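The values are calculated or read from the model by the stated rules, or taken from the named source; none is laboratory data. Here the structure is a predicted model, which is why all the values come from computation and not from measurement. Please note: Cβ atoms are built from the backbone with ideal geometry, for glycine as well, and neighbour counts cover all protein chains shown. For the accessible areas, the whole protein counts, side chains as well, though only heavy atoms, and no ligand, DNA or RNA atoms are used. Shrake-Rupley method; radii C 1.70, N 1.55, O 1.52, S 1.80 Å.
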Amino acid sequence: MRTPDIVLPPGVVAHFGDSAQQVALDLADTVAKFLEGRLLNAGRVSIAVSGGSTPVPFFQALSLKQLDWGRVDVVLADERWVEETDLASNARLVKETLLRNNAAAARYFSLKQKGHTPEEGLDAVKAELEALTLPLDVLILGMGNDGHTASLFPDAPELVCAMDTQCQHLVAAMSSPSLEQQRITLTYALMDNARFTALHLRGDDKLETLKLAISQPEDLLAMPVRGFMKPGLQVFWSP
């Protein structure tokens, strides 16, 4: 296996593999074991996942795991403010690849509610999430080449509030000059409390972005993913 030339911060665990499929299976095994352990002592558990193409094989593998899925809450870390029929919808992706097979029994919480904009739908989203099991048991994040994660974009005017560790809100509406669609995201304060957090990455470009992120860990607003670079984080990467 090619060993990536990167030194992760102390306490951050590396899971590096030769193929996206191998790493996805490793992540699915790890998440399933964690949730299984939590279900021994908790009435319900929760998992927040991210969209994009990278997590698809992970979703497919996780959907087949023998868990008590009827006691599992599933929510997206962020969502584009588009209808579920839109190809850009993360909800559509999750329903087609994760909420099937055994995982069809999970309880899904939608970040997309009625309203022309995330601001208009924000109260409805907050109401939707009132029954979500918190704190999150599992959080699966991705990362963009600009250092964003979930929809915490460096150029979003709402970023300061969404990254506030004292924020009492579960979600925030996000807009950005670099985005085609407006978005809604779980806030940093909510995600930072997750019991298990994984960063799922694919490609050499993401490895270079990760190196940049850990080189200046204090500047969170420049690269919001830096907020999760702390002991306990598990990084799953493949070429």
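Within segment 172-188, take every residue that is among the polar types (S, T, N, Q) and touching a Phe, Trp or Tyr at 6+ places or on another chain (Cβ under 8 Å) and give me the one that is nearest to Pro157 (Cα to Cα). Full working, then the answer.
We begin by selecting, within segment 172-188, every residue among the polar types (S, T, N, Q); these are 175-176, 178, 181-182, 185, 187.
Narrowing the set further to residues that are touching a Phe, Trp or Tyr at 6+ places or on another chain (Cβ under 8 Å) leaves 176, 178, 181-182.
On the way: Ser176: 7, Ser178: 12, Gln181: 15, Gln182: 12 Å.
Selected residue: Ser176.
Inspect segment 1-19 for any residue being assigned to a helix (DSSP H, G or I) and modelled with pLDDT of 95 or more and give the result as yes or no.
No, segment 1-19 contains no residue that is assigned to a helix (DSSP H, G or I) and modelled with pLDDT of 95 or more.
Can you tell me which residue among Val31, Val7 is within 14 Å of Ala198 (Cβ to Cβ) and either loosely packed, with under 14 Cβ neighbours inside 10 Å or not aromatic (Phe, Trp, Tyr) (or both)?
Exactly one residue qualifies, and that residue is Val31.
I'd like to verify a number: residues in segment 39-58 that are crowded, with 20+ Cβ neighbours inside 10 Å and out of contact with any helix residue (DSSP H, G or I) (no Cβ under 8 Å at 6 or more places or on another chain), how many? Break it down stepwise before answering.
Narrowing segment 39-58 to residues crowded, with 20+ Cβ neighbours inside 10 Å: 45-51, 54-55, 57-58.
With out of contact with any helix residue (DSSP H, G or I) (no Cβ under 8 Å at 6 or more places or on another chain) added as a condition, the list becomes 46.
Matching residues across segment 39-58 total 1.
When you check Gly115 against the structure, is it among the small types (Gly, Ala, Ser), touching a residue at least 60 places away in the same chain (Cβ under 8 Å), over 21 Å from Ala24 (Cα atoms) and out of contact with any Cys (no Cβ under 6 Å at 6 or more places or on another chain), yes or no?
Criteria not met by Gly115.
Does Thr197 count as polar (S, T, N, Q), within 25 Å of Pro57 (Cα to Cα) and surrounded by fewer than 23 Cβ atoms within 10 Å (Cβ to Cβ)?
Yes; evaluated as a whole, the condition is true for this residue.
Looking at segment 35-57, which of its residues are under 16 Å from the mean Cα position of the chain (by Cα) and of a type outside the set (A, V, I, L, M, F, W, C)?
Ser46, Ser50, Gly51, Gly52, Ser53, Thr54, Pro55, Pro57
Taking the conditions exactly as written (within 20 Å of Val72 (Cα to Cα), open to solvent by 10 Å² or more (accessible area, probe 1.4 Å) and either in contact with a Leu (Cβ under 9 Å, 6 or more places away or on another chain) or free of Cβ contacts under 8 Å to residues at least 60 places away in the same chain (or both)), does Ala131 satisfy them or not?
It is true that Ala131 is within 20 Å of Val72 (Cα to Cα), open to solvent by 10 Å² or more (accessible area, probe 1.4 Å) and either in contact with a Leu (Cβ under 9 Å, 6 or more places away or on another chain) or free of Cβ contacts under 8 Å to residues at least 60 places away in the same chain (or both).
Name the single residue, out of those in segment 59-110 being in a helix (DSSP H, G or I) and of a type in the set (Phe, Trp, Tyr), that is surrounded by the fewest Cβ atoms within 10 Å (Cβ to Cβ).
Out of the qualifying residues, it is Trp69.
Using the structure shown, decide if Thr209 is of a type in the set (Val, Ile, Thr) and surrounded by fewer than 16 Cβ atoms within 10 Å (Cβ to Cβ).
When the stated conditions are applied, Thr209 does not pass them.
Hey, can you tell me all the residues within segment 107-133 that are in contact with a Ser or Thr (Cβ under 9 Å, 6 or more places away or on another chain) and of a type in the set (A, V, I, L, M)?
Leu111, Val125, Leu132
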